[in-house]
1. On a C-alpha basis, how far is the centre of the stretch 28-107 from the centre of the stretch 152-169 in Å? Whole number, if you could?
2. At a 1.4 Å probe radius, carbon and sulfur cover how many percent of the accessible area of the chain?
3. On a 0 to 90° scale, report how tilted helix 135-144 is relative to the longest principal axis of the chain, with both axes built from alpha carbons and the result rounded to the nearest 10.
4. Relative to the Cα centre, what is the charge dipole magnitude of the chain, using +1 at the beta carbon of each Lys and Arg, -1 at the beta carbon of each Asp and Glu, and rounding to the nearest 20 debye?
5. Accessible area per residue, 1.4 Å probe, Å², for the chain: what's the number?
6. Among rounded, prolate and oblate, which fits the stretch 106-182 when a ≥ b ≥ c are the square roots of the eigenvalues of its C-alpha gyration tensor, a/c under 1.5 means rounded, and a/b larger than b/c means prolate?
7. If you plug each phi of the stretch 154-165 into the Karplus form 6.51 cos²θ - 1.76 cosθ + 1.60 with θ = phi - 60°, what whole-Hz ³J(HN,Hα) values come out, in order, with x for Gly and Pro?
8. Which lysines, if any, have their Cα less than 17 Å from the Cα of K56, not counting same-chain residues under 8 positions apart?
Amino acid sequence: MRVKRNLGRAATLVCVLALSLVGCAKKGNLDEGECAVVVSLENIPQEFKMLGDNEKDLLGIEVTLQNITTERQYKFLLDEENGFKQEASLNPGVYKVYYCSSSPYFLLMDIASRQDQLDVSKDGVNELTVYIENYEDFSDSVWNSQPVREIMQQDKFSRMAQWQGQVIDLQDITDYIEFEYDREVRGYEQVTLHNSGVWITVQNQTPEAAPWTDCELIKVQTSGTGIILPQGARVGMSLKDIAHAQEGIYGTPDSMTGSLLIGTGMDRAGMVYYDQSSGDKITLECTPDADYICNIIYEFAVYE
């Protein structure tokens, strides 16, 4: 599954960082012992059923146990395919919970274990459960990522968007998200501000310094599911769902940015749509392996 590739890339990065500090960890196999071990997610949330098909494919939880004597590490991957439960056969001993994480990042799931270590023996039940530590935040993010009828009916260049369940004018985003900037913006300067997975870029279109609130909003960018564009376009969707000529909600892009070889892992590719009448521009960026849309950028009146 794609989630295994995502978690594999994350694990590779962790390993590289670890190498620079303490050297490479010893890798163990999940079938090398005689003691039955089960790692599972407790209380699988109903919100998982609300996710899109692509998000379900990406969904996964990684739990790494480390034998405190041998320092060998054992990686468990919990996903929809295995019912968020994985069994293993390990050698007896004490295993500490070394690492817990989830994928993809935009679902805002913080995973924690119910215990710090697991005493594994041939007698008894050797079970470890993990849970979603920030369940309310995760639940809110899933519910807010469900597009409402009004946003589904909007044209992609209507400048409308959905934020926390309500449809708003994207140019009024600063009325709903608080941004801060501690100095004035110099004449003709552009500055970018960030909060809640949303970036805005404003430009001072005068020669005199001014507060950022007096500047012109020229770009809104999101890497999370909080902002939904017309027809339901949002972070986490597959390329096919948005950019396919026949099946995509936006159809064939007007141009491309980055690598033209989508899915090679060589570069982040972007699909660009232009509006001739308003000059607006929408850019949808995908992950290097083209697993999902990871960034959405809406620019106002920049195309000529």
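1. If you average the Cα positions of each part, the centres end up 38 Å apart.
2. Details: 7080 of 15560 Å².
Carbon with sulfur: 45 percent of the solvent-accessible area.
3. 40
4. Details: 24 positive and 47 negative charges, 199 e Å.
The calculation lands at about 960 debye.
5. Working: 15560 Å² over 304 residues.
It amounts to 51 Å² per residue over the chain.
6. Details: a/c = 5.49, a/b = 2.61, b/c = 2.10.
Taking the square roots of the gyration eigenvalues as a ≥ b ≥ c, the stretch 106-182 is prolate.
7. For the stretch 154-165, the Karplus curve yields 7, 6, 4, 9, 6, 6, 9, 8, 10, 9, 6, x Hz.
8. Candidates past the 8-residue exclusion: K4, K85, K240.
The values are calculated or read from the model by the stated rules, or taken from the named source; none is laboratory data. The shown structure was predicted, so the numbers you read here are calculated from the model rather than taken from an experiment. All Cβ positions, glycine included, derive from the backbone under ideal geometry; neighbour counts span all protein chains shown. Remember, those area values only see protein heavy atoms, side chains included, never the ligands or the DNA or RNA. Shrake-Rupley method; radii C 1.70, N 1.55, O 1.52, S 1.80 Å.
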